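Below is one structure, written out as structure tokens; comments come after it.
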Amino acid sequence: MEVPMQAVALFVTIGILLFVFSGIRIIRPTHRGLIERLGKYHKFASPGFHWIIPIIDRMFMVNITELMIDAEPQEIITNDNLNARVDAQVYFKVTESEEGVKNSQYNVNNYQWQIVNLARTTLRNIIGTLTLKSANSERGKINAELHKTLCEETKTWGIEIVRTELKEIDPPKDVQETMNKVVKAENEKIAAIDYATAAETVADGVKRSKIKEAEGYKQSKILHAEGDADAIKLVNEAADKYFTGNAQLLRKLEAVETALKTNAKIVIPTGSELVNVIGEMAGVLPLDMKKDKEKI
């Protein structure tokens, strides 16, 4: 049975289309490609459309975005013989240049696993020379040394170490409990000092208030005393000025009164009035004479 030429042409067309479509590759901006032909590096593929020869060519996609891997927790003996549980994170990316992408595939086998082991080894070397206390207080220094070592060791891998971060440095459970007690005691001490300082401040304020009150009371008493003294002074001046002569006059009047009571005889000159005579006896000028002196 002969196959129609149209069917053969259809099969050939379908085969050609399958061959063409099987060689189509699309690379996203987050990736770069390496094309190998018959097992040898052929060319670099940037983002966009590419066509490779099926079976003969092969394309490897490489992610060039920033990635993070965990160095996995491990027990490290510090310089003061304590087992610290240490974990870290490493942020890195494959450089987007052709050389960098090639090195990440041809110069190192499984670079992520290699970075994890290198980070773990470097952490043991660094923290092993430090005490637990200094390791916790010098995290920045540890991060810097870890980053420097990883950059030096991976410079031929086409890898850029972006940053490293210590995730945890935890001491043994019993040491952690002791440290927590020390921190708690220190916080209680600080709180007690703050409370005592506040109480002292309040007491000092009350003291100053009492002193101010006493000074005000004292000043009030002084002002009252000065007022009383000024009043007495004015009274004395008034007495010296107005009372001394009047007292003598009153004394003379009392003497005249006593004389009249004892029926003493008083000679009244002719043409004199009784009032003026008594006034003269008491030392009081007659009314007419007093008016004349006032006129003078």
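Read-outs: derived from the displayed coordinates by stated rules, not from any lab. Since we're looking at a predicted model, the values are computed, not measured. FYI the Cβ positions are ideal-geometry reconstructions off the backbone, even for glycines, and counts take in every protein chain you see.
In this label model, A225 and K210 are separated by 2.3 nm, measuring between points 7 Å along each Cα→Cβ vector.
Sorting 165-171, 84-90 by average packing, meaning the other beta carbons within 10 Å per residue, from highest down gives 84-90, 165-171. Maximal additional length on extending the K233-R37 stretch stands at 57.7 nm, based on 0.36 nm per residue less the C-alpha distance.
Highest mean packing first, where packing is the average number of other Cβ atoms within 10 Å per residue, the peptides 191-204, 117-130 line up as 117-130, 191-204.
Taking every pair of alpha-carbon atoms in the stretch 67-171, give the share separated by more than 16 Å as a whole percent. When all Cα pairs of the stretch 67-171 are counted, 54 percent exceed 16 Å.
For the stretch 1-105, the convex hull spanned by the alpha carbon atoms encloses 176 Å³ per residue. The K173 and M68 beta-carbon pair, evaluated with R₀ = 35 Å, returns a calculated FRET efficiency of approximately 0.75.
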